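The values are calculated or read from the model by the stated rules, or taken from the named source; none is laboratory data. Quick caveat: nothing in here was measured; it's all calculated off a predicted structure. Virtual Cβ from ideal backbone geometry, glycine too; neighbours counted across all protein chains shown. The accessibility values were calculated without ligands, DNA or RNA, using every heavy atom of the protein model including side chains. Shrake-Rupley method; radii C 1.70, N 1.55, O 1.52, S 1.80 Å.
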Amino acid sequence: MRVLVFSSFTFAYLDRARVLFGTLKKHHPDWERVAVITDRPPPGIAFDPSAEPFDRIVWFEDLNIPRGEGWLFGHDIVEACTAVKGPFLHQACEADAADIVIYLDPDTALLNDLSPLVEALQSHDGLLTPHLLEPEDELQALLDNELATLRTGIFNLGFVAIRTTGQGARFARWWNDRLLAFCHDDIPQGLFVDQRWCDHVPAFFDRFHVLRDPGYNVASWNLSKRKVAIGQDGQITVNGSPLRFWHFTKLGPTGDTMTRRYAGTNFEVHEIWNWYKRLIAEAHDPRIPPRWWAFGTFDDGMPIRKDWRVLYRGRADLQAAFPDPFRTGPNTYHAWLQGEGLLTPPTSVA
């Protein structure tokens, strides 16, 4: 059984991806590990893929997305890194690259083997994990978790696993098409990047299975209902089930706040977070600038505002006139923005 695991990230998340693929290599050295990188190395840094814990890299350009530069310009960093998951998954099915393809977000880490996923995919064509497995009891948890998932999607797409035939392949094509056209962070319009689309999956694909094992995709948003324990033998369990992988979302103050709020006195949770932070510190390359993204600026280094991206992706005339909107100088999208009085300095990169 050929199993391929991939993650999508930029160089700003390289330390997290190193931890993910390192833990994956420990538990499943025979599975192919693929890094999908929508970025370019920061200037002056010699990036050596052979020294990394993944088997190969797929760069954005390798995906052959139509109108490549223009399409990419129409997405911010989160939209872009989630959108490319669809094309890679679909192309892996078309290329017969594996029997099973698993996606994991770069800020996850394995703490046990994932062989039960392979077993589950003998009788199902796809697997998803919901953000929540039980209703919340407290108002604050309801606001933080139940209401949040109504906005952002019932399923957490930091994980998805499919067979590359049958409904798995059908799902990959459908998700590819939706993400190429509509992977946007636009909650008022019913969109939250790749996730909200998968609310449709139980209705569209009856051979997909919802994993209700609490040991998968443990994260701050479901800790209120998951008790973590570490046995004398070192085995970690969640509500009595083996802990398979943890999703360390929002590493930093936000993640710390939410984890403290819902872990409480479950001190094993804090031990796991401290373990992860040590691994990240060891994997970190201080030469990579914080929040680095090669496609976050015009070619002169000016940060690109989110509203400039949204305007461009919504205007077919601008896309036709300026197929490479990252360029500056005469007869460019940058110059057009300037002529329209829209080229005011951004307050943040998007």
Exercise for review: At 0.36 nm per residue, minus the direct Cα-Cα distance, what do ASP285 and ALA316 gain on full extension? Give it in nm, one decimal, please.
Suggested key: 7.2 nm
Review point. Quick one: Karplus J couplings for segment 313-325, per residue in order, coefficients 6.51, -1.76, 1.60, θ = phi - 60°, nearest Hz, x for Gly and Pro?
Key: 6, x, 10, 4, 5, 5, 5, 5, 6, 10, x, 10, x
**Study point:** Where labels lie 7 Å past Cα in the beta-carbon direction, separation of ALA203 and ASP99 in nm
**Key:** 3.4
Practice item. For ARG173 and LEU342, calculate 0.36 nm times their separation in residues minus their Cα-Cα distance, and state this gained length in nm to one decimal. Key: 57.1 nm
Practice item. Among the GluC sites (Glu not before Pro) in segment 108-170, which ones are in a DSSP loop with at most 12 other Cβ atoms within 10 Å of the Cβ? Mind listing them? Key: GLU138
Exercise for review: Averaging sequence separations of C-alpha pairs under 8 Å and six or more residues apart, then dividing by the length of the chain, give the relative contact order as a whole percent.
Suggested key: 21
Study note, to complete from the structure: For the chain, longest principal axis from Cα atoms; helix 166-182 axis from its Cα atoms; angle between them, nearest 10 degrees, is 40
Review point. Taking +1 at the Cβ of each Lys and Arg and -1 at the Cβ of each Asp and Glu, which of GLN195, LEU20, LEU143 sits farthest along the dipole of segment 3-283 towards its positive end, judged by Cα position relative to the Cα centre?
Key: LEU143
Review point. Counting other Cβ atoms within 10 Å, which GluC sites (Glu not before Pro) in segment 243-350 have at most 11 and lie in a DSSP loop?
Key: GLU340
Point to revise | trypsin sites (Lys or Arg not before Pro) within segment 177-223, DSSP loop, no more than 15 other Cβ atoms inside 10 Å | key: ARG207, ARG212
Study note, to complete from the structure: Nearest 10, in degrees from 0 to 90: the angle of helix 14-27 to the longest Cα principal axis of the chain is 40
Revision key, fill the gap. Counting only protein heavy atoms and rolling a 1.4 Å probe, one gets per residue an accessible area for the chain in Å² of 44
**Study point:** Within segment 194-273: Cβ-based charge dipole about Cα centre, in debye rounded to nearest 20 (Lys, Arg +1; Asp, Glu -1)
**Key:** 200
Check your understanding: What does the helix-only formula give at 222 nm for the chain: each DSSP H stretch with n ≥ 4 adding -39500 (n - 2.57), the total divided by the residues, and the result rounded to the nearest 500 deg cm²/dmol?
Key -> -9500 deg cm²/dmol
